[in-house]
Amino acid sequence: MDEARRECVRSWLAKARNDLRAARILAASGESLNDTAVHHCQQAAEKSLKGYLASRDQPLERTHALERLVELTLPLDGTLASLMPRAVFLNPYATTFRYPDLIGSQLPSVEEVEVAVGHAQEVYAFVLQHVPEDSHPS
């Protein structure tokens with residue numbers, strides 16, 4: 001992998017790590033920020049998957065659809081199929097709580113946030129295992 005691609009992958013994974021950190025901080029701050037916490041979980045998974053695709057020199061689609069991103073990884077490494085259930089769980093958080101007209105009265109519970117953080121962490125960790133170590137964020 002050349003240095004430009006390595007830096008691109010590093011950038012995606014650093015953003016994913018930061019979204020995951022933000023989700024944890026927001027989740028720990030109380031239930032009133034759970035909607036934002038789960039959005040950051042979806043973002044962490046999305047950026048992790050885009051980092052993986054960048055590591056394999058694949059064109060990056062402008063999509064928030066985690067299922068689609070997992071599908072794009074499968075011809076490259078079928079083991080990423082194990083991420084699909086996490087993608088399905090996290091995918092709605094790209095938009096569900098992002099805008100006031102979509103929120104309704106039901107915000108994510110503390111338990112739902114914990115599951116979302118766990119799934120986002122698993123996607124991020126799995127991707128780290130499948131990209132060269134020299135492309136990991138510092």
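None of the figures in this text is laboratory data; all of them are computed from the coordinates on show. These figures come from a predicted structure and were not determined experimentally. Virtual Cβ from ideal backbone geometry, glycine too; neighbours counted across all protein chains shown.
Please build a GNM for the chain, connecting alpha carbons under 10 Å apart, and tell me which residue among R62, R86, R21 fluctuates the most. Maximum fluctuation in the GNM of the chain, among the listed residues, is at R62.
A helix-only calculation puts the chain at -21000 deg cm²/dmol for mean residue ellipticity at 222 nm, using -39500 (n - 2.57) for each DSSP H run of at least four residues, averaged over all residues. Between L60 and A125, the modelled label-to-label distance comes to 2.5 nm, taking each label 7 Å out from Cα in the direction of the beta carbon. A DSSP coil position with no more than 14 other Cβ atoms inside 10 Å describes the following GluC sites (Glu not before Pro) in the stretch 28-106: E61. The Cβ shell under 14 Å around E61 holds other residues with a net charge of +2, Lys and Arg each +1, Asp and Glu each -1. Model label points for M1 and D134, set 7 angstrom from Cα along the Cα-to-Cβ axis, are 1.0 nm apart. Looking only at the stretch 17-46, which residues have a backbone nitrogen under 17 Å from a spot 7 Å from the Cα of L107 in the C-beta direction? Residues 23-41 qualify, since their backbone N sits under 17 Å from the label point. With each label modelled as a point 7 angstrom along the Cα→C-beta vector, the T95-E71 pair spans 1.6 nm.
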